[in-house]
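The values are calculated or read from the model by the stated rules, or taken from the named source; none is laboratory data. If you're wondering where the values come from, they're calculated on a predicted model, not measured in any experiment. Here the Cβ positions follow ideal geometry from the backbone for every residue, glycine too, while neighbour counts run over all protein chains shown. Calculation scope for accessible area: heavy atoms of the full protein, side chains included, ligands and nucleic acids excluded. Shrake-Rupley method; radii C 1.70, N 1.55, O 1.52, S 1.80 Å.
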Amino acid sequence: MDNFTFYAPTYFDFGRGAEEHVAELIQQFGGSRVLLHYGGGSIKKSGLYDRVVSTLQKAGIPFVELGGVRPNPRSGLVYEGIELCKKEKVDFILAVGGGSTIDSSKAIAAGSLYDGDFLDFYQGKAVIEKALPIGTILTIAAAGSEGSPNTVITDESTQIKKGAKSELLRPKFSVLNPELTCTLPAYQTAAGATDIMAHVCERYFSNTEEVEITDRLCEAVLKTMIYETPRVIEDPDNYEARANIMWAGMLAHNNICGVGRSQDWASHHIEHELSALYDVTHGAGLAVIMPKWMRYVLEINPDKFVLFAERVWDIKPGMNKKKTAQKGIEAFENFLKSIGMPSTFDEIGAKEEDIELLTDKLLGSRKTEGNYVKLTREDVIHIYKSAL
Ligand code: NZQ
Ligand code: ZN
């Protein structure tokens, strides 16, 4: 196991009705003038918006609001949010929605206390030194942004989607009420589940040895998702299944499953180019890319795939390790299909003629991508092509 530090001080308020505590939580974490940030309207349709507004009003917390975050959040709205926060002297951001809304909030939080262009943080030109505190009310189990230090934004001028990271961006609190996810369309539930599983796989496929504890934590999250996802697709109002998935989503990405080991992240970065160019749902893009990445790197570095097959997918150990490993990947592919996820470029509107462009945007001036196997430009092209 490698040396590591771990400090993940988000306060979680989990369970039915937890959003009723939001005003107290904001006050507990020092907020007195709030930006209420949300997406394209699902929270208005579900009635959550009205409940949150009335809770803030009852508590006498002044707020301004900015809706309209789109999935795969864009730089344009972040600039608007920064201006609004500066003008209104906002000291706390409340994100109500999914990963896109939370990531947009994190960008606004860092950008509001920075004199330059907030995209500097996403282009590696500046390090985040200050950020407004944020809190979240999560409405979809997927990205894990409710407990992570990460934010991913698409620069509208270049269509490049990149992440930034700072411990200052971890939410001060996150309200997780599984009931709020019951209104999700099945496709979004499944895409969220895929993203959760991908967050674990990015950490599981590691070359660091003797990491039994994090291996076992990763396997527990994956097995939970394999059990609960079909239950919730079958019965969207299954509270207990929603609850397990919601907590799994947090565990998958606050890095408790990833400490002390090298991590990969090639599939995520390869996918981000798809969601930037075609506005694909992130989890659906991962469903296309991740199994292709697995099949490709299995040929070069098979060891962890045997464990993945035997422990996660209950494939009986065989004499032929490669066959066992292949059966594990096949089981993952069948699972993704069974929950309605795509597996090809065609299904997500991606085009063969863009593969060179996607690869150029991904690599920039870098020579390789990923860690479990360091992928060259040719490797990345091969992975994209295997999704045709
Ligand atoms: O915008 P609204 O109207 O709210 O609709 C959203 C959106 O259309 C809808 N939705 C959310 N909760 C709902 C609901 N519809 C009905 N009922 C509800 N309860 O679902 C759609 C997707 O929402 P979005 O926020 O985009 O989903 P998700 O949480 O999957 O976030 C995806 C974004 O997170 C990034 C992705 O790249 C993508 O941009 N990621 C962020 C990470 C992080 N910050 O740590 C890590 C991830 O790997 C990921 O890259
Ligand atoms: Zn993800």
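Couple of notes before you dig in:
- Over the chain, relative contact order from alpha-carbon pairs under 8 Å, at least 6 apart, %: 16
- Of all DSSP beta bridges confined to the chain, the antiparallel ones make up roughly 25%.
- Take the chain and mark each of the GluC sites (Glu not before Pro) that is in a DSSP loop with at most 16 other Cβ atoms within 10 Å; the longest unmarked stretch, sites excluded, is 1-128.
- In units of the rule-of-thumb radius 2.2 N^0.38 Å, the chain shows an alpha carbon radius of gyration of 0.96.
- Subset of K323/K351; K125/K172; K292/K361; K125/K367; K321/K351 violating a 23 Å alpha-carbon distance limit: K323/K351; K125/K172; K321/K351
- Calculation over all alpha carbon pairs of the range 242-286 in 10 angstrom steps from 0 returns a P(r) of 25, 37, 36, 3 percent.
- Cα-centre dipole for the chain with unit charges at Cβ (Lys and Arg positive, Asp and Glu negative), debye to 20: 240
- For the range 148-210, alpha-carbon Rg relative to the globular expectation (2.2 N^0.38 Å, N residues): 1.46
- Relative counts (whole %) of C-alpha pair distances in the range 124-254, using bins that are 10 Å wide: 12, 37, 34, 16, 1
- Just so you know, the Rg over Rh for the range 322-388 is 1.03, from Cα atoms, with Rh as the Kirkwood radius.
- Here's the picture: charge each Lys and Arg Cβ at +1 and each Asp and Glu Cβ at -1 in the chain, and of L358, H253, L48 the one pushed furthest to the positive end of that dipole is H253.
- At 1.567 mPa s and 4 °C, Stokes D of the range 56-95 from Kirkwood alpha-carbon radius, µm² per second: 114
- Rounded to two decimals, the Cα-based Rg/Rh of the range 56-145, with Kirkwood Rh, is 0.96.
- Volume of the convex hull of the range 200-242 (Cα atoms only), normalised per residue: 62 Å³.
- Per residue accessible area of the range 37-84, 1.4 Å probe, in Å²: 49
- Solvent-accessible area assigned to carbon and sulfur over the range 103-191 amounts to 53 percent, based on a 1.4 Å probe.
- Restricting the range 1-88 to chymotrypsin sites (Phe, Trp or Tyr not before Pro) that sit in a DSSP loop and have at most 13 other Cβ atoms within 10 Å of their own Cβ leaves F4, F6, Y7.
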